[in-house]
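S.K.: Okay, handing you the structure first.
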Amino acid sequence: MTGPKVAVVTGAARGIGAATVRRLAGSGWAVVAVDRCADDPEVPYPLAEPGQLDALAEEFELVRAVRADVRDEQALSTAVDLAEREFGGLDAAVAGAAVILGGAPVWEQTDAQWRTLLDVDVLGVAHLARTAVPALLRRPEPRSGRFVALASAAAHRGLWRLGAYCAAKHAVVGLVRGLACDLRGTGVNALAVSPGSTRTAMLRATAGLYGLTDVDTLADRQLTERPLEPEEVAAVVAWACSADSVSVTGSVLHADGGFTS
């Protein structure tokens with residue numbers, strides 16, 4: 001008897017990450033849910049709390065919570081080891097952890113902002129690839145492994161006073177495209193999902209950077225004429241993790257409400 005499909009999801013305590021864990025776990029997947037669950041002095045808005053991650057693990061029998069910062073490659077290795085040890089292998093890795101910083105033109109964004117964005121949003125994805133891809137490849141052939149990174153509509157369109165964030169998310173897309181080439185012929189695919197304005201804590205932080213109190217304003221250029229819900233983006237991420245996405249690798253799924261159409 002074969003066991004469940006197994007995933008590791010970072011940025012899992014809230015927002016799109018938590019919705020992805022719920023979507024996968026609700027479909028019978030075993031999930032190792034990873035989140036820092038602590039504020040960062042370089043990030044001027046509250047990050048997820050430990051209780052949010054713990055509640056997610058309590059909700060599903062096959063979800064395990066791991067507190068880890070994606071900047072710590074060894075901590076991610078521990079999470080991947082847990083997936084293999086407890087559930088027998090790894091079938092998907094979802095790089096969802098990210099922060100947003102900005103509020104000034106590119107020439108005024110500080111080195112500290114650049115370092116945080118690149119360390120979390122880009123190197124965090126690379127660290128998950130380093131630790132998870134070997135595990136995905138340890139599955140016997142024929143494989144249907146998936147490495148899925150959350151990019152952003154900001155990877156494809158310039159956004160006012162978010163130049164460093166745009167650069168970081170553009171780098172995520174480049175990383176995924178290169179990784180897909182490295183994985184050619186293995187049965188493991190790499191792809192990105194680029195959300196638009198989605199009703200999350202990060203969207204509220206973005207509104208704050210612009211001095212806005214109504215987050216719906218940030219979705220004015222989406223064809224949906226409203227922000228997306230985390231569950232709507234998670235549905236795309238979960239599909240990307242599935243065997244049904246076999247024809248998609250080195251590509252971007254634009255879950256952005258039509259923003260980049």
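S.K.: Output the number of the condition that V233 fails; it satisfies all remaining conditions of (1) modelled with pLDDT of 95 or more; (2) more than 20 Å from the chain's Cα centre (by Cα); (3) within 29 Å of G103 (Cα to Cα).
M.R.: Exception for V233: condition (2).
S.K.: Residues to consider are T206, T186, T249; find the one that is over 17 Å from R146 (Cα atoms) and among the polar types (S, T, N, Q). Steps first, answer last, please.
M.R.: On the way: T186 fails: over 17 Å from R146 (Cα atoms); T249 fails: over 17 Å from R146 (Cα atoms).
After applying the criteria, what remains is T206.
S.K.: Among residues belonging to region 1-46 that are under 14 Å from F60 (Cα atoms) and hydroxyl-bearing (S, T, Y), point out the one that is surrounded by the most Cβ atoms within 10 Å (Cβ to Cβ).
M.R.: T20
S.K.: Follow-up. Within region 159-166, is even one residue touching an Asp or Glu at 6+ places or on another chain (Cβ under 6 Å) and within 25 Å of T198 (Cα to Cα)?
M.R.: We begin by selecting, within region 159-166, every residue touching an Asp or Glu at 6+ places or on another chain (Cβ under 6 Å); these are none.
No, there is no match, as no residue in region 159-166 is touching an Asp or Glu at 6+ places or on another chain (Cβ under 6 Å) and within 25 Å of T198 (Cα to Cα).
S.K.: Mind listing whichever residues of region 198-222 are of a type in the set (S, T, Y) and in contact with an Asp or Glu (Cβ under 8 Å, 6 or more places away or on another chain)? Spell out how you get there, then give the answer.
M.R.: Residues of region 198-222 that are of a type in the set (S, T, Y), as a first pass: 198, 200, 206, 210, 213, 217.
T198, the sole residue that qualifies.
S.K.: Looking for whichever is touching a residue at least 24 places away in the same chain (Cβ under 8 Å) and within 28 Å of Q109 (Cα to Cα) here; the options are V233, V193. Which one fits? Spell out the reasoning first.
M.R.: On the way: V233 fails: within 28 Å of Q109 (Cα to Cα).
Just one listed residue meets the conditions, V193.
S.K.: On to the next question. Please give the number of the condition P195 fails out of (1) closer than 27 Å to W160 by Cβ; (2) surrounded by 18 or more Cβ atoms within 10 Å (Cβ to Cβ); (3) touching a Phe, Trp or Tyr at 6+ places or on another chain (Cβ under 6 Å).
M.R.: Tallying (1) closer than 27 Å to W160 by Cβ; (2) surrounded by 18 or more Cβ atoms within 10 Å (Cβ to Cβ); (3) touching a Phe, Trp or Tyr at 6+ places or on another chain (Cβ under 6 Å), P195 fails exactly one: (3).
S.K.: To continue, here is another question. Do any residues in region 1-15 that are at negative phi have Cβ atoms under 6 Å from those of residues that are surrounded by fewer than 21 Cβ atoms within 10 Å (Cβ to Cβ) and of a type outside the set (A, V, I, L, M, F, W, C), where the two are at least six apart or on different chains, and which pairs are they?
M.R.: Cβ pairs passing all conditions: G3/G88; P4/G28; V6/G89; A13/Q52; R14/Q52.
S.K.: Turning to a different aspect of this structure: Do we have R177 as basic (K, R), surrounded by fewer than 21 Cβ atoms within 10 Å (Cβ to Cβ) and over 20 Å from the mean Cα position of the chain (by Cα) here?
M.R.: On the way: basic (K, R): yes; surrounded by fewer than 21 Cβ atoms within 10 Å (Cβ to Cβ): yes; over 20 Å from the mean Cα position of the chain (by Cα): no.
For R177, the condition - basic (K, R), surrounded by fewer than 21 Cβ atoms within 10 Å (Cβ to Cβ) and over 20 Å from the mean Cα position of the chain (by Cα) - is not met.
S.K.: For residues in region 207-220 being among the charged types (D, E, K, R) and in a loop (DSSP other than H, G, I, E, B), which is nearest to G196 (Cα to Cα)?
M.R.: Within region 207-220, the first condition is being among the charged types (D, E, K, R), and the residues that meet it are 214, 216, 220.
Now drop any that are not in a loop (DSSP other than H, G, I, E, B), which leaves 214, 220.
Details: D214: 16, D220: 11 Å.
Restricting to residues being among the charged types (D, E, K, R) and in a loop (DSSP other than H, G, I, E, B), the top hit is D220.
S.K.: I need the full set of residues from region 221-244 which are touching a helix residue (DSSP H, G or I) at 6+ places or on another chain (Cβ under 9 Å), assigned to a loop (DSSP other than H, G, I, E, B) and within 22 Å of A12 (Cβ to Cβ), in order please.
M.R.: Listed by number, the residues that qualify are P227, E229.
S.K.: For region 9-28, give me each residue that is under 18 Å from V80 (Cα atoms), outside any helix (DSSP H, G or I) and polar (S, T, N, Q).
M.R.: The one that is under 18 Å from V80 (Cα atoms), outside any helix (DSSP H, G or I) and polar (S, T, N, Q): T10.
S.K.: Could you tell me which of the residues V43, V94, V31, V70 is in a loop (DSSP other than H, G, I, E, B), in contact with a Lys or Arg (Cβ under 9 Å, 6 or more places away or on another chain) and among the β-branched types (V, I, T)? Talk me through it step by step, then tell me what you get.
M.R.: Working: V43 fails: in contact with a Lys or Arg (Cβ under 9 Å, 6 or more places away or on another chain); V94 fails: in a loop (DSSP other than H, G, I, E, B); V31 fails: in a loop (DSSP other than H, G, I, E, B).
Selected residue: V70, the only one of V43, V94, V31, V70 that is in a loop (DSSP other than H, G, I, E, B), in contact with a Lys or Arg (Cβ under 9 Å, 6 or more places away or on another chain) and among the β-branched types (V, I, T).
S.K.: Quick one: which of A112, A135, A129, A93 is surrounded by 24 or more Cβ atoms within 10 Å (Cβ to Cβ) and either at pLDDT 95 or above or closer than 20 Å to A48 by Cα (or both)? Outline the logic, then answer.
M.R.: Numbers: A112 fails: surrounded by 24 or more Cβ atoms within 10 Å (Cβ to Cβ); A135 fails: surrounded by 24 or more Cβ atoms within 10 Å (Cβ to Cβ); A129 fails: surrounded by 24 or more Cβ atoms within 10 Å (Cβ to Cβ).
Exactly one residue qualifies, and that residue is A93.
S.K.: Scan region 176-206 for residues that are over 30 Å from V133 (Cβ atoms) and either β-branched (V, I, T) or in a loop (DSSP other than H, G, I, E, B) (or both) and report the count.
M.R.: Summing the residues that are over 30 Å from V133 (Cβ atoms) and either β-branched (V, I, T) or in a loop (DSSP other than H, G, I, E, B) (or both) in region 176-206 gives 3.
S.K.: Kindly provide the set of residues from region 1-25 that are within 9 Å of the chain's Cα centre (by Cα), within 14 Å of A55 (Cβ to Cβ) and of a type in the set (A, V, I, L, M, F, W, C), ordered by number.
M.R.: Scanning region 1-25 gives a single hit, A12.
S.K.: Residues to consider are R157, R143; find the one that is in a loop (DSSP other than H, G, I, E, B) and surrounded by 17 or more Cβ atoms within 10 Å (Cβ to Cβ).
M.R.: Details: R157 fails: surrounded by 17 or more Cβ atoms within 10 Å (Cβ to Cβ).
From the options R157, R143, the qualifying one is R143.
The values are calculated or read from the model by the stated rules, or taken from the named source; none is laboratory data. Note that this is a predicted model, so its numbers are computed, not measured. With ideal geometry, Cβ positions are generated from the backbone for all residues, glycine too; neighbour counts draw on all protein chains shown.
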